[in-house]
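The values are calculated or read from the model by the stated rules, or taken from the named source; none is laboratory data. This structure is a prediction, so every number in the text was calculated from the model and none was measured. Cβ coordinates were reconstructed from backbone atoms using ideal geometry, including for glycine residues, and neighbour counts include every protein chain displayed.
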Amino acid sequence: MTTVTPYLSVHDGSAALAFYVAAFGATVVERFDDGDRLAHATLAVDSATFHVSDEYQDLGAYSPSTLGHATSATVLGVEDPDRTFAAAVGAGATATRPVADDPGGRSGWLVDPFGHRWNIRRA
């Protein structure tokens, strides 16, 4: 199996970390700050990991807030998509397609407060 690890650029790194902890039950594995910016953080949700940092436009790292739209989507497989989806919406995400049964299983789509699209589905 091949692993792909998303690296999300956001406009407010500290707020993003708080959101991902509240919404997805993420654990912050490591965090490095660069003055008042989040330089890098690694988060874990069960066995999945992803990275987050504030924008570094000089390095080509733009957030959806700056671009005006998301450029990709991340699939997060969880044991209970209904519970995780509800927690994410409760923490500030916008539901774009409610959780429902589909040919691939049970899943729903949302956009987090930082403009990133997520497909929350049963693992």
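Here are some notes:
- Conditions (1) in contact (Cβ under 8 Å) with a residue 24 or more places away in the chain; (2) in a helix (DSSP H, G or I); (3) loosely packed, with under 15 Cβ neighbours inside 10 Å: number failed by THR84: (3)
- Screening the range 10-20 for residues that are in contact (Cβ under 8 Å) with a residue 40 or more places away in the chain and farther than 17 Å from LEU110 by Cα and picking the one that is surrounded by the fewest Cβ atoms within 10 Å (Cβ to Cβ) gives ALA15.
- Scanning the range 11-30 for residues that are in contact with a strand residue (DSSP E or B) (Cβ under 8 Å, 6 or more places away or on another chain) and either part of a helix (DSSP H, G or I) or modelled with pLDDT under 95 (or both) turns up GLY13, SER14, ALA16, LEU17, TYR20, VAL21, PHE24.
- Hey, VAL78 in contact with a Ser or Thr (Cβ under 6 Å, 6 or more places away or on another chain) and surrounded by 12 or more Cβ atoms within 10 Å (Cβ to Cβ) or not: yes
- Subset of the range 99-119 that is out of contact with any Phe, Trp or Tyr (no Cβ under 8 Å at 6 or more places or on another chain) and assigned to a strand (DSSP E or B) - its residue that is surrounded by the most Cβ atoms within 10 Å (Cβ to Cβ): SER107
- The sole residue among VAL52, VAL78 that is under 16 Å from PRO113 (Cα atoms), in contact (Cβ under 8 Å) with a residue 40 or more places away in the chain and of a type in the set (A, V, I, L, M, F, W, C) is VAL52.
- Taken together, ASP33, ASP58 contain a single residue that is more than 18 Å from THR5 (Cα to Cα) and part of a strand (DSSP E or B), which is ASP33.
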